[in-house]
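Visitor: My questions will all concern the structure given below.
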């Protein structure tokens with residue numbers, strides 16, 4: 001069964017969203033930002049049944065648009081793409097489903113997501129991949145399944161990479177678990193070259209990480225919590241970078257978080273190694289000091305680092321070492337999280353807070369401007385995954401993210417469309433917010449933008 005339009009519309013509608021499909025809509029007054037087109041200007045944009053048909057100064061009376069969206073002071077970009085999302089389905093529908101996850105993604109301003117493979121069963125075969133694609137068919141947010149590197153994510157035998165590619169997979173990962181066996185990783189990097197696929201890593205040397213529950217350091221020692229040294233990440237990053245250099249394969253380092261890991265990627269890029277990497281909003285906004293509260297919402301993998309690590313992540317984003325901003329959206333049930341810090345599952349939800357946190361930590365502090373953010377959240381992810389770009393130009397399908405860059409709002413987890421409420425950002429005041437997306441003929445307008453809709 002494909003994506004349930006009625007259930008999705010009901011979920012969005014109950015939360016104040018306006019939902020339309022295959023309508024003619026004129027958007028006026030917005031700033032259009034698309035670095036792939038060297039576009040950064042104020043202009044109107046006319047969309048008819050999912051296609052961009054006109055850009056410029058447009059008279060509503062002349063074109064007879066059914067609907068008008070006045071976005072003066074707002075921003076429109078190519079649709080944001082999150083290349084690291086846990087939708088939990090199949091297997092853990094109590095945490096999230098494809099339907100709730102895609103609705104949360106839409107609310108966060110994303111028009112596409114890469115669904116990570118730590119599901120049950122794992123997408124290590126064509127059947128599971130096709131099932132995920134079928135379940136998401138027709139959704140306003142495109143779901144791209146991430147296939148496994150190894151069978152059942154056990155790190156022992158390679159999955160059927162050629163079959164996964166034929167089924168539509170463009171990126172592989174055993175995320176949630178590292179590929180511990182270097183020989184398996186080597187072979188994966190070799191075989192994926194036949195299809196120009198990329199491998200996204202979960203960089204964790206398990207023997208070094210041990211039973212650590214937060215970043216090893218002065219704070220973990222003082223709190224009496226088992227430490228997870230940054231070396232557990234950087235050792236694996238170094239190993240995989242060297243394997244990528246040796247094989248010529250394409251490597252993508254997931255959720256990078258430490259000084260040494262970033263330095264290793266910077267070293268590799270300078271030598272022409274085919275390596276890219278991503279960082280998360282929580283690793284640019286938080287440090288291990290947050291764990292002093294013993295609040296399980298600060299328990300991550302990789303763990304929150306020191307202030308030195310946080311500064312290195314931001315610098316990596318600024319200088320281009322880090323290519324992508326991705327959420328690592330990881331919903332858990334309330335019951336799982338209402339336990340002692342050490343037993344809380346790793347990860348937080350991030351789809352609905354990403355734009356706001358990034359605006360607070362990067363744009364407001366003048367580290368990156370909006371065109372740079374668009375590169376890292378719309379253009380680079382698709383480039384790495386070898387997916388078509390979604391330019392803002394006449395004749396192209398309308399796949400757009402709409403943002404209010406000056407919308408001050410307070411995060412209320414109870415209003416999330418995701419099933420997960422596990423966020424460290426509850427109560428945070430954020431300076432920008434997504435106000436809608438347009439994709440696959442869907443026009444979704446957030447409650448905040450209703451007053452601009454007619």
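The values are calculated or read from the model by the stated rules, or taken from the named source; none is laboratory data. Predicted, not measured: the structure shown is a model, and the values here were computed from it. A quick note on method: Cβ atoms are made from the backbone with ideal geometry, for glycine too, and the neighbour counts reach across all protein chains shown.
Visitor: Quick one: which residue in 359, 380 is in the same structural domain as residue 254 (by TED's automatic domain parsing), farther than 18 Å from residue 31 by Cβ and buried (at least 19 other Cβ atoms within 10 Å of the Cβ)?
Guide: None of the others qualify; the one that does is 380.
Visitor: Step by step: first the residues of the stretch 166-176, then only those that are surrounded by fewer than 20 Cβ atoms within 10 Å (Cβ to Cβ) and modelled with pLDDT of 95 or more, then the one that is farthest from residue 290 (Cα to Cα). Which residue is that?
Guide: 166
Visitor: Shifting gears a bit: Does the stretch 274-313 hold any residues that are outside any loop (DSSP other than H, G, I, E, B) and free of Cβ contacts under 8 Å to residues at least 60 places away in the same chain, and which are they?
Guide: Within the stretch 274-313, 275, 277, 279, 283, 293, 307, 308, 310, 311, 312, 313 qualify.
Visitor: If only one of 305, 320 is modelled with pLDDT of 95 or more and at positive phi, which one is it? Working first, answer last.
Guide: Working: 305 fails: at positive phi.
Only one candidate qualifies: 320.
Visitor: Answer yes or no: is there a residue in the stretch 16-32 that is surrounded by fewer than 14 Cβ atoms within 10 Å (Cβ to Cβ), within 30 Å of residue 334 (Cα to Cα) and within 25 Å of the chain's Cα centre (by Cα).
Guide: So far as the stretch 16-32 goes, yes, one or more of its residues are surrounded by fewer than 14 Cβ atoms within 10 Å (Cβ to Cβ), within 30 Å of residue 334 (Cα to Cα) and within 25 Å of the chain's Cα centre (by Cα).
Visitor: Spot the failing condition for residue 333; the list is (1) in contact (Cβ under 8 Å) with a residue 12 or more places away in the chain; (2) more than 25 Å from residue 173 (Cα to Cα); (3) surrounded by fewer than 22 Cβ atoms within 10 Å (Cβ to Cβ), and only one is missed.
Guide: Going through the list (1) in contact (Cβ under 8 Å) with a residue 12 or more places away in the chain; (2) more than 25 Å from residue 173 (Cα to Cα); (3) surrounded by fewer than 22 Cβ atoms within 10 Å (Cβ to Cβ), residue 333 breaks only (2).
Visitor: Surrounded by fewer than 17 Cβ atoms within 10 Å (Cβ to Cβ) and touching a residue at least 24 places away in the same chain (Cβ under 8 Å): which single residue out of 2, 36 fits that description?
Guide: Details: 36 fails: surrounded by fewer than 17 Cβ atoms within 10 Å (Cβ to Cβ).
Going through 2, 36 in turn, the sole match is 2.
Visitor: Tell me which residues, restricted to the stretch 75-112, are within 22 Å of residue 325 (Cβ to Cβ) and touching a helix residue (DSSP H, G or I) at 6+ places or on another chain (Cβ under 6 Å).
Guide: Within the stretch 75-112, 77, 78, 80, 81, 83, 87, 103, 108, 109 meet the criteria.
Visitor: Given the condition out of contact with any strand residue (DSSP E or B) (no Cβ under 8 Å at 6 or more places or on another chain), within 24 Å of residue 399 (Cβ to Cβ) and not in a loop (DSSP other than H, G, I, E, B), answer yes or no: does some residue in the stretch 101-117 qualify?
Guide: yes
Visitor: Then there is this: Based on what the data block shows, is residue 447 surrounded by fewer than 23 Cβ atoms within 10 Å (Cβ to Cβ), at pLDDT 95 or above and either over 17 Å from residue 44 (Cβ atoms) or touching a strand residue (DSSP E or B) at 6+ places or on another chain (Cβ under 9 Å) (or both)?
Guide: For residue 447, the condition - surrounded by fewer than 23 Cβ atoms within 10 Å (Cβ to Cβ), at pLDDT 95 or above and either over 17 Å from residue 44 (Cβ atoms) or touching a strand residue (DSSP E or B) at 6+ places or on another chain (Cβ under 9 Å) (or both) - is not met.
Visitor: Run down 321, 280, 287 and say which single residue is within 24 Å of residue 114 (Cα to Cα), in contact with a helix residue (DSSP H, G or I) (Cβ under 7 Å, 6 or more places away or on another chain) and crowded, with 18+ Cβ neighbours inside 10 Å.
Guide: 321
Visitor: Take residue 87 and decide whether it is at pLDDT 95 or above, in contact with a strand residue (DSSP E or B) (Cβ under 8 Å, 6 or more places away or on another chain) and part of a loop (DSSP other than H, G, I, E, B).
Guide: Yes.
Visitor: From the set of residues in the stretch 39-64 that are loosely packed, with under 14 Cβ neighbours inside 10 Å and within 18 Å of residue 79 (Cβ to Cβ), which is nearest to the chain's Cα centre (by Cα)?
Guide: Only one residue fits best here, namely 51.
Visitor: Moving to a separate point now. Could you tell me whether the stretch 256-272 includes any residue that is in the same structural domain as residue 217 (by TED's automatic domain parsing), under 29 Å from residue 417 (Cα atoms) and either surrounded by fewer than 20 Cβ atoms within 10 Å (Cβ to Cβ) or in contact with a strand residue (DSSP E or B) (Cβ under 6 Å, 6 or more places away or on another chain) (or both)? Quick ask: steps written out before the conclusion?
Guide: Kept after step one, since they are in the same structural domain as residue 217 (by TED's automatic domain parsing), are these residues of the stretch 256-272: 256-272.
Then keep just the ones that are under 29 Å from residue 417 (Cα atoms); that gives 256-257.
Now restrict to residues that are either surrounded by fewer than 20 Cβ atoms within 10 Å (Cβ to Cβ) or in contact with a strand residue (DSSP E or B) (Cβ under 6 Å, 6 or more places away or on another chain) (or both): 256.
Within the stretch 256-272, one or more residues are in the same structural domain as residue 217 (by TED's automatic domain parsing), under 29 Å from residue 417 (Cα atoms) and either surrounded by fewer than 20 Cβ atoms within 10 Å (Cβ to Cβ) or in contact with a strand residue (DSSP E or B) (Cβ under 6 Å, 6 or more places away or on another chain) (or both).
Visitor: A further question follows. Can you tell me which residues in the stretch 36-68 are under 15 Å from residue 402 (Cα atoms) and touching a helix residue (DSSP H, G or I) at 6+ places or on another chain (Cβ under 7 Å)?
Guide: Those that are under 15 Å from residue 402 (Cα atoms) and touching a helix residue (DSSP H, G or I) at 6+ places or on another chain (Cβ under 7 Å): 40, 46, 68.
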